[in-house]
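Any read-out appearing in this document is the output of simple, stated calculations on the displayed coordinates, not a laboratory observation. Predicted model only: the values in this text are computed from it and were never measured. Every residue, glycine as well, gets a Cβ built from its backbone with ideal geometry; the counts of neighbours run over all protein chains shown.
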Amino acid sequence: GTSADISNRHYREGDDFKELNRTAKGITNQLLEIQNFTEIDMHTLKLDTFSYTVSYDNTLLFSGYQKELEEIQKNLEAETDKTKRKLLIHKVHKELKLSLLRFPELLLVTFPGELTSVFGKYIKEQAKTPFTCIMTCTNDHHGYFIEQDQYGRCYEATATLIPKGETEKMIKKLGELL
């Protein structure tokens, strides 16, 4: 699921309409329990944009990919194709564009990929508004953005073209704008 670590794939009870209905009812019941609502002024808006470029010579990472490939081959043969495909890419250049829609009590952040909750929490901590909503997979999709200690430990690290540690750099710069 979006945000990479909030998927319900680990506790689904099915892959059908019955499961969708069960999940929807669970979410609805949680929303119905909310007693206090805060009215948010959405008449006053300030729009900021944030751009971040990921550009690197992918060949410099080939030895790391090769080590990753060797590890993956030991564990899961099916996952090797993703890392093998990385070895075919020589240059990576991604222009990431985020929007910050600022209302007096609410900050809406658009993010062009799947961001883990660790970074979502950091963004919310840096925001100067009582409410913050981060919308992932908006305005583009540049893959998974995960914390560096997850590289080599999960599917998202295998699938992403964002180098280890790059997400931390980008989120820190974004946090400075909040």
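Taking a straight line from the alpha carbon of Lys121, these lysines sit under 25 Å away, with near neighbours fewer than eight places off in the same chain left out: Lys46, Lys94, Lys97, Lys164, Lys169, Lys172, Lys173. One way to sum up the overall shape of segment 82-164 is the equivalent ellipsoid from its Cα gyration tensor, whose semi-axes run 28, 14, 8 Å, largest first.
A value for Rg/Rh (Cα atoms, Kirkwood Rh) was derived from the coordinates, and within the list (i) 0.95; (ii) 1.06; (iii) 1.03 it appears as (iii). Restriction of the trypsin sites (Lys or Arg not before Pro) in segment 92-167 to DSSP coil positions whose beta-carbon has at most 12 other beta-carbons within 10 angstrom yields Lys128, Arg153. A dipole drawn for the chain from +1 and -1 charges on Cβ atoms has a positive end, and of Thr44, Leu96, Leu20 the residue lying farthest that way is Leu96.
In a fully extended conformation the segment linking Phe131 and Asn29 would gain 34.6 nm over its present Cα-Cα distance, using 0.36 nm per residue.
Between Ile40 and Leu87, the contour length at 0.36 nm per residue exceeds the Cα-Cα span by 12.1 nm. The Leu177 and Asn139 beta-carbon pair, evaluated with R₀ = 25 Å, returns a calculated FRET efficiency of approximately 0.90.
Test of understanding: in a Gaussian network model of the chain with alpha carbons linked when under 10 Å, which of Phe37, Phe111, Phe119 would top the mean-square fluctuation ranking? Of the options given, Phe37 has the highest mean-square fluctuation.
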